[in-house]
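Enquirer: Pasting a structure here, questions to come.
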Amino acid sequence: MAIRVANPSDLSNVLEVVLSALSYDPCWDYRYQYRHQYPEDNLRYTKHIFQLYIDPRYDDWRVMVAEAPSLENPSVTKIVAVAVWDVTYINKRKHGRDYETKDPVFEVDRAGGATRRDANPERMKVSRDVFARKRKKRFHDAYGDSQIYLHVLATHADYQRRGYGSVLCRWGMATAKDNGLAVCLMASPMGFLLYSHLGFKVLGNEIIQVPGEEEEVRLRSMVLELEENEEDRELL
């Protein structure tokens with residue numbers, strides 16, 4: 001197994017992993033309620049945002065990939081897991097606190113994502129509102145710019161429970177230790193056990209729900225603080 005920074009030529013392989021993994025994520029199903037009716041929109045806009053995440057010009061984001069032997073042909077390695085990290089702290093430290101993060105979501109919305117047919121607009125709005133409000137309350141108010149945020153962690157369905165997600169998490173943990181950062185994330189039910197095993201602690205439980213609907217998604221805001229990174233240094 002090896003990990004490295006993704007480059008633009010990896011886009012199709014990254015997309016394959018992400019779509020395989022997120023198809024089991026309740027938060028993905030909740031927001032993109034109509035993805036089975038409009039798979040072309042789901043593919044188009046997911047591809048667009050990951051293209052931006054990987055683009056070196058969007059340097060507030062770091063996409064890390066784990067490669068491993070293919071199950072079909074072990075002599076060939078392939079991307080089996082993907083992590084998207086918000087590394088805005090780098091540019092904040094370089095350019096000052098007034099630096100504004102490059103926002104791929106805004107760019108995708110401008111390119112038609114605001115009216116994508118696979119998404120439930122009300123659920124998208126509520127999801128974004130909750131993420132923005134809770135990230136500020138749980139993370140930005142507490143850690144400011146001294147944080148690295150795990151935005152996406154995805155392992156291809158055929159390669160799960162083999163440690164690839166843990167390795168990508170540990171990259172962020174090592175980066176945090178080296179740079180004096182906290183590691184922050186919002187865990188879906190799928191990822192909670194992994195993050196707990198790695199030493200993350202729960203800051204709060206978050207509920208995403210459109211008023212008047214019964215269906216909801218529950219997430220946990222979690223953090224690995226600096227002293228915990230020091231305790232776990234032998235794992236890195």
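The values are calculated or read from the model by the stated rules, or taken from the named source; none is laboratory data. None of the values given here were measured: they were computed from a predicted structure. When we count neighbours, we look across all protein chains shown, and the Cβ atoms used for this are built from the backbone with ideal geometry, even at glycine.
Enquirer: Against the conditions (1) at pLDDT 95 or above; (2) in contact with a strand residue (DSSP E or B) (Cβ under 9 Å, 6 or more places away or on another chain); (3) surrounded by fewer than 18 Cβ atoms within 10 Å (Cβ to Cβ); (4) not in a helix (DSSP H, G or I), where does Arg162 fall short? Just the number, please.
Expert: All conditions are met except number (1).
Each row is one residue, and each column tells you yes or no for (1) among the hydrophobic types (A, V, I, L, M, F, W, C); (2) not in a loop (DSSP other than H, G, I, E, B).
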| position | (1), (2) |
| --- | --- |
| Tyr53 | no, yes |
| Tyr58 | no, no |
| Ala66 | yes, yes |
| Ala81 | yes, yes |
| Tyr89 | no, yes |
| Tyr99 | no, no |
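Enquirer: Okay, next question. Residue by residue through segment 1-36, note down the ones that are free of Cβ contacts under 8 Å to residues at least 12 places away in the same chain and either part of a loop (DSSP other than H, G, I, E, B) or within 17 Å of the chain's Cα centre (by Cα) (or both).
Expert: In the first step, residues of segment 1-36 are kept if they are free of Cβ contacts under 8 Å to residues at least 12 places away in the same chain; the result is 9, 12, 28-29, 36.
Residues satisfying the conditions are Trp28, Asp29, His36.
Enquirer: Going through segment 101-141 one residue at a time, which ones are part of a helix (DSSP H, G or I), in contact (Cβ under 8 Å) with a residue 60 or more places away in the chain and of a type in the set (Gly, Ala, Ser)?
Expert: Listed by number, the residues that qualify are Gly113, Ser127.
Enquirer: Would you check if there is a residue in segment 149-157 being hydrophobic (A, V, I, L, M, F, W, C), closer than 26 Å to Asn205 by Cβ and in a loop (DSSP other than H, G, I, E, B)?
Expert: First, pick out the residues of segment 149-157 that are hydrophobic (A, V, I, L, M, F, W, C): 150, 152-154, 157.
Adding the requirement that they be closer than 26 Å to Asn205 by Cβ leaves 150, 152-154.
Still in the running and in a loop (DSSP other than H, G, I, E, B): none.
So far as segment 149-157 goes, no, none of its residues is hydrophobic (A, V, I, L, M, F, W, C), closer than 26 Å to Asn205 by Cβ and in a loop (DSSP other than H, G, I, E, B).
Enquirer: Within segment 62-78, how many residues turn out to be surrounded by fewer than 21 Cβ atoms within 10 Å (Cβ to Cβ) and touching a residue at least 40 places away in the same chain (Cβ under 8 Å)?
Expert: Initial filter on segment 62-78 (surrounded by fewer than 21 Cβ atoms within 10 Å (Cβ to Cβ)): 64, 67-78.
This time we only want the ones that are touching a residue at least 40 places away in the same chain (Cβ under 8 Å), so: 64, 67-68, 71, 77-78.
The total comes to 6.
Enquirer: Does segment 111-131 hold any residues that are of a type in the set (Asp, Glu) and either surrounded by 13 or more Cβ atoms within 10 Å (Cβ to Cβ) or more than 18 Å from Arg220 (Cα to Cα) (or both), and which are they? Before the answer, list the steps.
Expert: Start the filter on segment 111-131 by keeping residues that are of a type in the set (Asp, Glu), which leaves 118, 122, 129.
If the condition is that a residue be of a type in the set (Asp, Glu) and either surrounded by 13 or more Cβ atoms within 10 Å (Cβ to Cβ) or more than 18 Å from Arg220 (Cα to Cα) (or both), then Asp118, Glu122 are the ones that fit.
Enquirer: Of all residues in segment 132-150, which are within 19 Å of Tyr30 (Cα to Cα) and surrounded by 15 or more Cβ atoms within 10 Å (Cβ to Cβ)?
Expert: Lys134 - this is the single residue of segment 132-150 that is within 19 Å of Tyr30 (Cα to Cα) and surrounded by 15 or more Cβ atoms within 10 Å (Cβ to Cβ).
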